[in-house]
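Q: I am attaching a structure below and will ask some questions about it afterwards.
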Amino acid sequence: MSSFIGDWHALVVLFVAGVIPNQIWRMLGLWFGGGLDEGSELLVWVRAVATAILAGVIAQIVVQPPGALASVPDVLRYGAVAVGFSAFMLSQKSIFAGVAIGEVILVGGQWWLG
């Protein structure tokens with residue numbers, strides 16, 4: 001089992017340093033934000049900023065791909081973005097649907113190309 005998990009000390013450090021602090025903020029956000037109106041101007045603005053940040057990150061990854069993604073052909077990367085954007089628009093602007101479909105196209109296309 002040790003060879004499967006690897007260094008369990010690293011996993012404990014990852015859990016303590018990454019998961020626990022993140023979950024604390026999520027729970028506080030859930031507790032404080034539970035009574036907010038989803039249609040309020042503040043939350044509409046927050047959603048717009050989050051969408052813009054996600055779009056910027058995706059654009060940077062597509063134009064200047066890091067690591068192994070650099071070996072994926074440009075046509076496949078841009079095609080996956082186009083299909084993901086189409087899925088986003090067709091699914092009543094669901095960010096999850098757009099990202100998931102784009103990722104499936106990217107991974108499936110790279111697998112098909114070999």
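The values are calculated or read from the model by the stated rules, or taken from the named source; none is laboratory data. Given the structure is predicted, the values throughout are model-derived calculations rather than measurements. Note that we place each Cβ from the backbone using ideal geometry, even for glycine, and neighbour counts take in every protein chain shown. Please note that ligands, DNA and RNA were not included when accessible areas were found on the heavy atoms of the full protein model with its side chains. Shrake-Rupley method; radii C 1.70, N 1.55, O 1.52, S 1.80 Å.
Q: Check Gly79 against each of (1) open to solvent by less than 60 Å² (accessible area, probe 1.4 Å); (2) modelled with pLDDT under 90; (3) farther than 30 Å from Gly33 by Cβ and name the one condition it does not meet.
A: (2)
Q: Restricting to the range 55-74, name every residue that is open to solvent by less than 60 Å² (accessible area, probe 1.4 Å) and within 13 Å of the chain's Cα centre (by Cα).
A: Ala55, Gly56, Ala59
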